[in-house]
1. Can Asn71 be described as among the polar types (S, T, N, Q), over 18 Å from Val13 (Cβ atoms) and free of Cβ contacts under 8 Å to residues at least 12 places away in the same chain?
2. Scan Ser22, Ser7, Ser29, Ser35 and give me the residue that is modelled with pLDDT of 85 or more, among the polar types (S, T, N, Q) and out of contact with any strand residue (DSSP E or B) (no Cβ under 7 Å at 6 or more places or on another chain).
3. Filtering segment 62-111 down to residues that are of a type in the set (Val, Ile, Thr) and at pLDDT 75 or above, which residue is farthest from Ala25 (Cα to Cα)?
4. Considering only segment 45-62, state which residues are of a type outside the set (Gly, Ala, Ser), surrounded by fewer than 18 Cβ atoms within 10 Å (Cβ to Cβ) and not in a strand (DSSP E or B).
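The values are calculated or read from the model by the stated rules, or taken from the named source; none is laboratory data. Values in this document were obtained by computation on a predicted structure and should not be read as measured data. Ideal geometry is used to build each Cβ from the backbone, glycine not excepted, and the neighbour counts take in all protein chains shown.
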Amino acid sequence: MNNTGVSKYLEVVAEFDAAWPSGVAVSRSGRIFVSFPRVERPPAPATLAEIRDGRAVPFPDDIVNDPGSGNPKQRFTSIHGIALAPGNRLFALDTGAQTVGPRPRCNRSAL
C-alpha cells in the first residue's frame, strides 16, 4: 500500500465467462455490485448482481431479475449503469429493452 491507503496491486474479486459487466459500484462497506445489460445472446441470468465469494448473485433476488415473470413494473429488464449514492442507496439505469436500436415504448417503472 502507498501513503494514500490504496494498494498498488490489482486484486481479482470475480471473473465472468459468458456475460460482460457494464457497470460496477462498491459501497463504503466493501459490497460490490455489477450490472449486465441483456443485449448479448444468451442474456445474463441476472442484470444486477452482488459479488459474493467471487460469484455474481442476483440482487436483490432472482425474481426481480427475471423480466419474463410477473408485473413488468416490478422487474429489471436490462441494467446498463449503476451508482451508489449517500445513504448506501444503489441507483440503476434500466433501459427496459433487451435489444440495441429502436424499441417500442414500454410500460416500465423504476424500482
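1. On the way: among the polar types (S, T, N, Q): yes; over 18 Å from Val13 (Cβ atoms): yes; free of Cβ contacts under 8 Å to residues at least 12 places away in the same chain: yes.
Spelling it out, Asn71 is indeed among the polar types (S, T, N, Q), over 18 Å from Val13 (Cβ atoms) and free of Cβ contacts under 8 Å to residues at least 12 places away in the same chain.
2. Ser29
3. Ranking the candidates gives Ile63 first.
4. Pro45, Asp53, Pro60, Asp61, Asp62
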